[in-house]
Amino acid sequence: MKKLLIANRGEIAVRIIRTARELGIHTVVVASEPDVDGLAARLADEYAVIGPAPASQSYLDHGAVLKAAADFGCDAVHPGYGFLSENAAFARAVIDAGLIWVGPSPEAIELMGDKAQARKAAEAAGVPTLRGTHGEAPTGDALLEIAAEIGFPLVVKAAAGGGGRGIRLVTRAEDLASTVEVAQAEAAAAFGSAAVYLEKFVERARHVEVQVLGDGTNVVHLGDRDCSMQRRQQKILEEAPAPDLPDDVRRHMLESSVELARQCHYKGLGTVEFLYDAVNHEVSFIEMNTRLQVEHPVTEMVTGLDLVREQLLIAAGEPLRMRQEDVFFRGHAFEFRLNAEDPSKGFMPSPGLLERLDWPGGPGVRIDSGFVAGSSVMPFYDSLLAKIIVWDETREEAIGRSIRALDEITIEGVSTTIPLLSAVLHRPELKSVEHHTKFIETCPEILGDLS
């Protein structure tokens, strides 16, 4: 691997550029017309303008991205996360063009991209799953029969969904058929497939996940994370390791995740996601993400590994550099997703010029961002400004350091979600691990104080 095309933007493009440079790999980043002045384009060795601002005409344009790779003589493509990172057709096109695809095989992406089929694969690998349909949900009387077997409340999920989208809660049998119809229409519009499946709903669930790494033959896990603090099914903070998990539950989750990846002949990084029922002490499979996760830095902080480095080396044909017994864990880490949104106005996006940008520092504090003072936050893309990553020896100490780090941030020119992050950090439920995926919605004083 000599020359890497990075098919992404913002903080993740910057993140990949830095590791590639350390490995002596020349970098080319794609950029939409307004992104040519961005930090990623400035840090890369070269940049390729691939279209106007709308992602559909730039970052999601298969032809434009592949043309950039050919024009600049690249021999590999890293998709980052989002955009084309889990698009099996694009991965196949990259490989067919004779380029190295930094990610799992198109077949693995397709299997895990179909959530209903992924459930079947998880069950075959011994991964614990929730009660639900085996494949796409049936219609008519069969739908009502299987829903009665699962029990209410249940959720209707888009089979091709992800990122918390395409999910509908059903609490009564009489609402099932109409909800399925609505979910199918939403799924078709959002993901190009109307297929949905049913799954048991777990109230007050925590969201935990396992990081796996494979070379197509061997697989190891790199520990677990907790992503339970969410707003409207979007993660706002993550931590590693997942706190307050019984040893047997953690062990089963880790071992079965490795087995699932092994059965898929998994190559690269992947994340197996679970719901954890803290009342019954049970975990259940949600999905597997076949890409680098936004929250990968917390795993890096507790393992000391550079996950992007491991991705690139495996994609270049090197075998897995570690056995399970070589992976060690130390301390506790948090990641806070800092968005350019106005909490006092219903979290409306807040584009604009970053007139001032002062980041925190000190031991155990890392900032992953695609912005510097003078950068413009544009309305065309995700509102993520930065990821604030904090590590310390214990979870309690990491919370204290996180509070200090957030207090040091000064941003002028746009509104941000710092008030929400600070409010959450001071909640006793976070410290005592009593939070869950619906905690913010069910704790009105948090949002009330921000409006």
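The values are calculated or read from the model by the stated rules, or taken from the named source; none is laboratory data. Since the model is a prediction, treat every value here as computed from it, not as a measurement. Every residue, glycine among them, receives a Cβ derived from its backbone with ideal geometry; neighbour counts consider all protein chains shown.
Which condition breaks for A124 when tested against (1) in contact with a helix residue (DSSP H, G or I) (Cβ under 9 Å, 6 or more places away or on another chain); (2) at pLDDT below 85?
(2) is the only condition that A124 fails.
Do we have any residue at all in region 382-391 that's under 22 Å from the mean Cα position of the chain (by Cα), in contact (Cβ under 8 Å) with a residue 40 or more places away in the chain and more than 23 Å from L43 (Cβ to Cβ)?
Within region 382-391, one or more residues are under 22 Å from the mean Cα position of the chain (by Cα), in contact (Cβ under 8 Å) with a residue 40 or more places away in the chain and more than 23 Å from L43 (Cβ to Cβ).
Mind checking whether some residue in region 313-329 is surrounded by 12 or more Cβ atoms within 10 Å (Cβ to Cβ), within 25 Å of V298 (Cβ to Cβ) and at pLDDT below 95?
Within region 313-329, none of the residues are surrounded by 12 or more Cβ atoms within 10 Å (Cβ to Cβ), within 25 Å of V298 (Cβ to Cβ) and at pLDDT below 95.
Which number in (1) closer than 24 Å to E199 by Cβ; (2) modelled with pLDDT of 95 or more; (3) more than 19 Å from the chain's Cα centre (by Cα) marks the one condition that G140 misses?
In the conditions (1) closer than 24 Å to E199 by Cβ; (2) modelled with pLDDT of 95 or more; (3) more than 19 Å from the chain's Cα centre (by Cα), G140 misses (2) alone.
Among the residues that make up region 137-145, is at least one of them out of contact with any strand residue (DSSP E or B) (no Cβ under 8 Å at 6 or more places or on another chain), assigned to a loop (DSSP other than H, G, I, E, B) and of a type in the set (S, T, N, Q)?
yes
Given the condition within 28 Å of G161 (Cα to Cα), hydroxyl-bearing (S, T, Y) and touching a helix residue (DSSP H, G or I) at 6+ places or on another chain (Cβ under 9 Å), answer yes or no: does some residue in region 38-53 qualify?
In the first step, residues of region 38-53 are kept if they are within 28 Å of G161 (Cα to Cα); the result is 50-53.
Next cut, hydroxyl-bearing (S, T, Y) only: none.
Taking every residue of region 38-53 in turn, none turns out to be within 28 Å of G161 (Cα to Cα), hydroxyl-bearing (S, T, Y) and touching a helix residue (DSSP H, G or I) at 6+ places or on another chain (Cβ under 9 Å).
Determine, yes or no, whether G304 is surrounded by 15 or more Cβ atoms within 10 Å (Cβ to Cβ) and on the phi > 0 side of the Ramachandran plot.
For G304, the condition - surrounded by 15 or more Cβ atoms within 10 Å (Cβ to Cβ) and on the phi > 0 side of the Ramachandran plot - is not met.
What pairs can you find where one residue is in region 303-322 and assigned by TED's automatic domain parsing to the domain that holds G364, the other is in a helix (DSSP H, G or I), and their Cβ atoms are less than 6 Å apart, with a gap of 6+ or different chains?
D306/T19; L307/H296; L307/E300; V308/I16; V308/T19; R309/T19
So that you can scan it fast, the table gives a plain yes or no per residue for (1) over 29 Å from I367 (Cβ atoms); (2) free of Cβ contacts under 8 Å to residues at least 40 places away in the same chain; (3) buried (at least 24 other Cβ atoms within 10 Å of the Cβ):
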{"position": "M1", "(1), (2), (3)": "no, no, no"}
{"position": "V36", "(1), (2), (3)": "no, yes, no"}
{"position": "K67", "(1), (2), (3)": "yes, yes, no"}
{"position": "A70", "(1), (2), (3)": "yes, yes, no"}
{"position": "F83", "(1), (2), (3)": "no, no, no"}
{"position": "R92", "(1), (2), (3)": "yes, yes, no"}
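Out of region 179-189, which residues are out of contact with any Gly (no Cβ under 6 Å at 6 or more places or on another chain) and under 20 Å from E110 (Cβ atoms)?
If the condition is that a residue be out of contact with any Gly (no Cβ under 6 Å at 6 or more places or on another chain) and under 20 Å from E110 (Cβ atoms), then A188 is the only one that fits.
Which one is surrounded by the most Cβ atoms within 10 Å (Cβ to Cβ) among residues in region 99-128 that are aliphatic (A, V, I, L, M) and not in a helix (DSSP H, G or I)? Spell out the reasoning first.
Filtering region 99-128 down to residues aliphatic (A, V, I, L, M) leaves 99-100, 102, 108-109, 111-112, 116, 118, 121-122, 124-125, 127.
Cutting the leftovers down to not in a helix (DSSP H, G or I) gives us 99-100, 102, 125, 127.
Details: L99: 19, I100: 19, V102: 30, A125: 18, V127: 25.
For region 99-128, the residue satisfying everything is V102.
Answer with yes or no whether V365 is under 24 Å from the mean Cα position of the chain (by Cα) and free of Cβ contacts under 8 Å to residues at least 60 places away in the same chain.
For V365, the condition - under 24 Å from the mean Cα position of the chain (by Cα) and free of Cβ contacts under 8 Å to residues at least 60 places away in the same chain - is met.
Of the numbered conditions (1) surrounded by 22 or more Cβ atoms within 10 Å (Cβ to Cβ); (2) closer than 18 Å to E255 by Cα; (3) in contact (Cβ under 8 Å) with a residue 60 or more places away in the chain, D215 fails exactly one; give the number of that condition.
(1)
Among the numbered conditions (1) on the phi > 0 side of the Ramachandran plot; (2) touching an Asp or Glu at 6+ places or on another chain (Cβ under 9 Å), tell me where G352 comes up short.
Looking at each condition in turn, G352 falls short on (2).
Does region 6-14 contain at least one residue that is farther than 18 Å from L60 by Cα and either surrounded by 16 or more Cβ atoms within 10 Å (Cβ to Cβ) or outside the structural domain of R309 (by TED's automatic domain parsing) (or both)?
Scanning region 6-14 turns up at least one residue that is farther than 18 Å from L60 by Cα and either surrounded by 16 or more Cβ atoms within 10 Å (Cβ to Cβ) or outside the structural domain of R309 (by TED's automatic domain parsing) (or both).
Do you know which of the residues in region 329-343 that are touching a Phe, Trp or Tyr at 6+ places or on another chain (Cβ under 9 Å) and in a strand (DSSP E or B) is farthest from R18 (Cα to Cα)?
Only one residue tops the list, namely E341.
Would you pick out the residues in region 337-386 that are among the hydroxyl-bearing types (S, T, Y) and under 20 Å from Q234 (Cα atoms)?
First, the residues of region 337-386 that are among the hydroxyl-bearing types (S, T, Y): 344, 350, 369, 375-376, 381, 383.
Once the filter is applied, which keeps residues that are among the hydroxyl-bearing types (S, T, Y) and under 20 Å from Q234 (Cα atoms), region 337-386 yields S344, S350, S369, Y381, S383.
Just the residues that are in contact (Cβ under 8 Å) with a residue 60 or more places away in the chain and in contact with a strand residue (DSSP E or B) (Cβ under 8 Å, 6 or more places away or on another chain), please, taken from region 13-27.
If the condition is that a residue be in contact (Cβ under 8 Å) with a residue 60 or more places away in the chain and in contact with a strand residue (DSSP E or B) (Cβ under 8 Å, 6 or more places away or on another chain), then A13, V14, R15, I16, A20, I25 are the ones that fit.
Mind checking whether some residue in region 19-30 is more than 29 Å from L305 (Cα to Cα), among the basic types (K, R) and outside the structural domain of L307 (by TED's automatic domain parsing)?
No, region 19-30 has no match at all.
Quick one: A108 ticks every box in (1) touching a Lys or Arg at 6+ places or on another chain (Cβ under 8 Å); (2) closer than 24 Å to R250 by Cβ; (3) modelled with pLDDT of 85 or more except a single one, so which number is it?
The one condition A108 does not meet is (2).
Out of V249, V196, I need the residue that is in the same structural domain as R165 (by TED's automatic domain parsing) and either in contact with a strand residue (DSSP E or B) (Cβ under 8 Å, 6 or more places away or on another chain) or at pLDDT below 95 (or both). Which one?
Values: V249 fails: in the same structural domain as R165 (by TED's automatic domain parsing).
Of V249, V196, the one residue that is in the same structural domain as R165 (by TED's automatic domain parsing) and either in contact with a strand residue (DSSP E or B) (Cβ under 8 Å, 6 or more places away or on another chain) or at pLDDT below 95 (or both) is V196.
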